[in-house]
1. Identify all residues within the range 151-173 that are open to solvent by less than 30 Å² (accessible area, probe 1.4 Å) and part of a helix (DSSP H, G or I); write none if there are none.
2. Output the residues belonging to the range 210-237 that are under 19 Å from CYS69 (Cβ atoms) and charged (D, E, K, R).
3. Pick from ARG211, ARG207, ARG202: which is away from ligand 2 (no atom under 16 Å from the Cβ), modelled with pLDDT under 90, basic (Lys, Arg) and touching a strand residue (DSSP E or B) at 6+ places or on another chain (Cβ under 9 Å)?
4. Hey, among THR63, THR71, THR82, which residue is without any contact (Cβ under 8 Å) to a residue 60 or more places away in the chain, within 16 Å of ligand 2 (Cβ to nearest atom) and crowded, with 21+ Cβ neighbours inside 10 Å?
Amino acid sequence: MLNETITPSYIVKYLDQYVIGQEEAKKTVAVTVYSHFKKIGRAEADRTVITKSNVLLIGPTGTGKTLMCETLSRVLDVPFVTAEATALAQSRYVNEEIEAVLQRLVDKAGGDLVKSQNGIVFIDEIDKLKATDGQPRSVSGESVQHALLKIMEGAAVKLGDDRYIDTTNILFICGGAFVGLDDIMSQSNAYKYISILKGDSRQMLQRLNSRVKPTDLFTFGLIPEFTGRLPVITRFQELSKQMLVRIMTEPKNSIYELFRQIFRNEGVELAVEPKVFEQIAELAVEYKTGARSLRGIFEELITPILYVVPDSPDVEKVVITSLFTDPTYVRKGRAQ
Ligand SMILES: Nc1ncnc2c1ncn2[C@@H]1O[C@H](COP(=O)(O)OP(=O)(O)O)[C@@H](O)[C@H]1O
Ligand SMILES: [Mg+2]
């Protein structure tokens, strides 16, 4: 099923090229998907049914949950779609919406039903499906949980073209910010004698304590049957300023690299000094949307420059030293 070279550490190395930080989440997910696809392979050989380990990613907005899933689907070379739980809850016919999501998965697989049945479905904003949120004229969060539960367990779902897609081997990854979960966890904390321990045992207890327990999720508002389908839970951390700087500059397709390429196409070298990335990261931290605001801020800085550069064929280099001062235009044939 999986390419021979793919192991959990291979997956993590691949993810590292695009997703900054989030080491724990990367490892957990890599091990989970690796064993998932191994199990599928074995089950096909033995003609048995797999017990699936769907995954729950918990973490603030803009910290790389969707990015990691997308990147994961690329390294595994399986079809991938995302859906938003809130959109499902707002629709009148949740089953039709779910069917549409699965149809998109088949489309992503180029119409290949078998391929799509080994795909990954990412359902975001799962934390918005609280059982108590019964709004009029929309499906309640709880009934969406029930509908999702069925396909996560494995079901044959009829598609528009009368074919059936079997969801048994599809890996479902759910995501959400779960604001307020930490408060719930600190109250349900089972291992309170942490302060008297030292060294390794203390670290182990800290890890146990940072684990999200299914009961915490019930308290939050997910129904027990639903959390029961999400045995693997991992957390995404808030991005530090330093990580935001790395996100702009390090990944293969980083914002900086993207814009350097745009300038290169104009025959111009773009040089942005490290301080500028720090300044952008500081603003982004204030916006509290993780890495989401980085691109917008960077574009605001660059757009006025990109406006003048095509009219200035003598410019060969643009140097930006601060967010708050004008860039330096280096012109051909003149000393710097
Ligand atoms: N850890 C990260 N490493 C690299 N880029 C990131 C990271 N987190 C967020 N980003 C950037 O921010 C954008 C939004 O991230 P996304 O994965 O959609 O966040 P989430 O799904 O957690 O809300 C991504 O497209 C990516 O450019
Ligand atoms: Mg997302």
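The values are calculated or read from the model by the stated rules, or taken from the named source; none is laboratory data. Source: prediction; values computed, not measured. Methodologically, a virtual Cβ is constructed for each residue, glycine included, from the backbone with ideal geometry; neighbour enumeration extends over all protein chains shown. Surface accessibility is based on the protein's heavy atoms, side chains included, excluding ligands, DNA and RNA. Shrake-Rupley method; radii C 1.70, N 1.55, O 1.52, S 1.80 Å.
1. ILE151, MET152
2. Matches in the range 210-237: ARG229, ARG235.
3. On inspection, the qualifying residue turns out to be ARG211.
4. After ruling out the rest, the residue left standing is THR71.
Listed here are the residues, each with its yes/no results for (1) away from ligand 2 (no atom under 16 Å from the Cβ); (2) touching a residue at least 40 places away in the same chain (Cβ under 8 Å).
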residue	(1), (2)
ALA25	no, yes
VAL29	no, yes
LYS39	yes, no
ARG42	yes, no
ILE50	yes, yes
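Quick grid of which residues meet (1) among the acidic types (Asp, Glu); (2) at pLDDT 90 or above; (3) surrounded by 15 or more Cβ atoms within 10 Å (Cβ to Cβ):
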{"position": "ALA109", "(1), (2), (3)": "no, yes, yes"}
{"position": "PHE122", "(1), (2), (3)": "no, yes, yes"}
{"position": "LYS128", "(1), (2), (3)": "no, yes, yes"}
{"position": "ALA131", "(1), (2), (3)": "no, no, yes"}
{"position": "PRO136", "(1), (2), (3)": "no, no, no"}
{"position": "SER143", "(1), (2), (3)": "no, no, yes"}
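Per-residue answers, yes or no, for (1) in contact with a Cys (Cβ under 6 Å, 6 or more places away or on another chain); (2) away from ligand 1 (no atom under 16 Å from the Cβ); (3) not hydrophobic (A, V, I, L, M, F, W, C):
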| site | (1), (2), (3) |
| --- | --- |
| GLU84 | no, no, yes |
| LYS130 | no, yes, yes |
| LEU149 | no, yes, no |
| GLU153 | no, yes, yes |
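Residue by residue, here is whether (1) within 16 Å of PHE226 (Cβ to Cβ); (2) in contact (Cβ under 8 Å) with a residue 12 or more places away in the chain holds:
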{"position": "SER53", "(1), (2)": "yes, yes"}
{"position": "GLY59", "(1), (2)": "no, yes"}
{"position": "LEU67", "(1), (2)": "no, yes"}
{"position": "ASP77", "(1), (2)": "no, yes"}
{"position": "ARG92", "(1), (2)": "no, yes"}
{"position": "GLU96", "(1), (2)": "no, no"}
{"position": "GLY111", "(1), (2)": "no, no"}
{"position": "VAL121", "(1), (2)": "yes, yes"}
{"position": "ASP124", "(1), (2)": "yes, yes"}
